Structure formats: C-alpha cells, structure tokens
Amino acid sequence: MSEPNKSKFSPRLMRVVEAREETPDVRTLRLEFANGGGTPDLKWRTGQFAHFSVFGAGESVFTIANPPTRDGYIQCTFRQMGKVTSALRNLSVGQIVGFRGPYGNSFAMEEWRGRDLLFVGGGIGMAALHAPLLFALDHRAEFGEILVLNGARTVADMVYK
C-alpha cells in the first residue's frame, strides 16, 4: 500500500491488530496503519477525537483512547448501539477501518503537572478519561496522588477493569 494520506480530512487505512471485550456491549480496538504498522506520522494530543469508519456501514466519532505517550497505535473504545458500532464490533484482527483525525481540543496535561488528580467516570464515559489517566501514569513522577472512581451498573459493566 502507499504512504498514508497526511490530510486529516481523508481517511487513513488502519488494520485491527487487537480487539478486546471490555464488557458485554463495549469493545476496544487497537489499530495500526495498514501499510506497515505503527503511527509514525500521526500526532495527537491527549483527549482529542477521530472519525472511525467501517466501509459500507458508515463512520462514528470516538475519543482516541490512548495518549500520545503510547504512540505506536491508536485505540478506540465504543459501546455497540447502532449500525456503525455493530459493524465495528464484528471486525476481527486483520480487517481494515478508516481513520480521520485527530480533531478537537485536548486536556491541559501540562497545567496538571504537580497536582493531585481525580478521575470520575462510569461506563462508556471512562473511554474519554482513559488517555489522560494513562498519560499521568506514563509520567507518574510528575503528578501527585492519582485517584480513579469508576462506576457502573454492575461489575460486568465496568470498562477498563
């Protein structure tokens, strides 16, 4: 395949390299560029989002669930709710998805340095907190106490156990 298109408005082809079931209806996909792996020319900030597409089914917007400190791949976590998320859930390792982005604002990780951090979320809402939490853990010495409150209807519904 050719070099990935560098425009964030054109979909890049990415291959599913891992699929992890978080809960009965939530799944995390780990993606790498289809033309050789990794994400060498893709830059994003903690908390940005992207469009993920399944060709023939459509596209949906999700938070990039891993921080740029873990830049060899892109993760997206989603709840199965409709046509596109059902198509994403049915993908297996080796299949191709489209990726457009990154877009949007980011968390002020630099401003948080030296502070205690409290992450409060629940269910699929934890996907938006996953990247800043991992960023803080990847730079553990630069932050104070880190506390995570992760709620769910049942233990089986807890995302990122």
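General remarks:
- Elements of type helices (runs of 4 or more DSSP H) in region 40-150, at least 1 residues being under 26 Å from Pro11 (Cα atoms) and either open to solvent by 30 Å² or more (accessible area, probe 1.4 Å) or of a type outside the set (Gly, Ala, Ser) (or both): 83-89, 126-138
- Restricting attention to region 9-26, the residues being in a strand (DSSP E or B) and over 26 Å from Asp41 (Cβ atoms) number 2.
- Residue among Thr77, Thr69, Thr63 that alone is out of contact with any Asp or Glu (no Cβ under 7 Å at 6 or more places or on another chain) and within 22 Å of Glu32 (Cβ to Cβ): Thr63
- Evaluated against (1) under 23 Å from Trp44 (Cα atoms); (2) touching a residue at least 60 places away in the same chain (Cβ under 8 Å), Gly94 falls short on exactly one condition, (1).
- The lone exception for Phe78 - which of (1) within 10 Å of the chain's Cα centre (by Cα); (2) modelled with pLDDT under 95 it fails: (2)
The values are calculated or read from the model by the stated rules, or taken from the named source; none is laboratory data. Keep in mind that this is a model prediction, so the values were computed, not measured. Glycine also receives a Cβ, built like all others from the backbone with ideal geometry; neighbour counts cover every protein chain displayed. Ligands, DNA and RNA are stripped out before the accessible areas are found, and what is left, the full protein with its side chains, is counted by its heavy atoms. Shrake-Rupley method; radii C 1.70, N 1.55, O 1.52, S 1.80 Å.
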